[in-house]
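K.L.:
Input: one structure, supplied below.
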Amino acid sequence: MANLMIQADMADHGNVRSLNDWLEREAPRRAEASRDVYGNQARGVGTLPTLTDPEANHWGGGKNPECEVWAAALNHADLDALLTQIRAVPWRYPSGCRCS
């Protein structure tokens, strides 16, 4: 299990959507993770939903955050591949990226 949280500028919505697509469909799983019905290494480790949707108000109180935050608990994620993918995204403000 890997927990992932991303806070990004509004201009990076497209980057986050692309990362989410990769997580759902292409992200490799750890080597010891189960294989698909054909014996191939299974792909896809989860989704990256927003936590700051003003309609949902997950934060409580009468206000909403003034930032965009996405989070996921990823199942069997290959952490090296995940960090490589996050670092490869053309973020608008990459200097704030902390990948550890």
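K.L.:
Take the alpha carbon gyration tensor of the chain, find the square roots of its eigenvalues, order them as a ≥ b ≥ c, and report rounded if a/c is under 1.5; if not, report prolate when a/b exceeds b/c, else oblate.
P.N.:
Note, shape of the chain comes out prolate.
K.L.:
Mind pulling the angle between the C-alpha long axis of helix 13-25 and the longest principal axis of the chain? Nearest 10 degrees, somewhere in 0 to 90.
P.N.:
Long axis of 13-25 versus the principal axis of the chain: about 30 degrees.
K.L.:
Amide H neighbours of Val69 under 5 Å, at least 5 residues apart or on other chains, H built in the peptide plane: list them.
P.N.:
Counting only residues 5 or more places away or on other chains, the set is Leu51, Thr52.
K.L.:
Calculate for the chain the 222 nm mean residue ellipticity that helices alone would give, adding -39,500 (n - 2.57) per DSSP H run of length 4 or more and normalising by residue count, nearest 500 deg cm²/dmol.
P.N.:
-7000 deg cm²/dmol
K.L.:
Oh, and also: In debye, nearest 20: dipole of the chain around its Cα centre with unit charges on the Cβ of K, R (+) and D, E (-)?
P.N.:
Computed about the Cα centre, the dipole is about 220 debye.
K.L.:
What angle, in degrees between 0 and 90 and rounded to the nearest 10, separates the Cα long axis of helix 79-88 from the longest principal axis of the Cα atoms of the chain?
P.N.:
Approximately 50 degrees, to the nearest ten.
K.L.:
Name the longest site-free stretch of the chain, where the excluded sites are chymotrypsin sites (Phe, Trp or Tyr not before Pro) in a DSSP loop with no more than 16 other beta-carbon atoms within 10 Å.
P.N.:
Formally, the longest exposed-site-free interval is 60-100.
K.L.:
At 1.4 Å probe radius, can you tell me the per residue accessible area of the chain in Å²?
P.N.:
67 Å²
K.L.:
Mean separation of Cα pairs under 8 Å and 6+ residues apart, divided by the residue count of the chain: what relative contact order is that in percent?
P.N.:
The normalised contact order for the chain reaches 38 percent.
K.L.:
Using a probe of 1.4 angstrom, how much of the accessible area of segment 1-96 is carbon and sulfur, in percent?
P.N.:
50 percent
K.L.:
If you don't mind, there's one more thing I want to ask. Under 13 Å from the Cβ of Cys67, count the other residues' Cβ atoms, weight Lys and Arg +1, Asp and Glu -1, and hand me the total.
P.N.:
Residues close to Cys67 contribute a combined charge of -4.
K.L.:
Enumerate the calculated ³J(HN,Hα) couplings along segment 63-74 in order (Karplus 6.51 cos²θ - 1.76 cosθ + 1.60, θ = phi - 60°), each rounded to whole Hz, writing x wherever the residue is Gly or Pro.
P.N.:
10, 10, x, 9, 8, 10, 10, 10, 8, 8, 10, 8
The values are calculated or read from the model by the stated rules, or taken from the named source; none is laboratory data. This one's a predicted model, so the numbers in the text were calculated from it and none came from an experiment. Cβ coordinates were reconstructed from backbone atoms using ideal geometry, including for glycine residues, and neighbour counts include every protein chain displayed. Ligands, DNA and RNA are stripped out before the accessible areas are found, and what is left, the full protein with its side chains, is counted by its heavy atoms. Shrake-Rupley method; radii C 1.70, N 1.55, O 1.52, S 1.80 Å.
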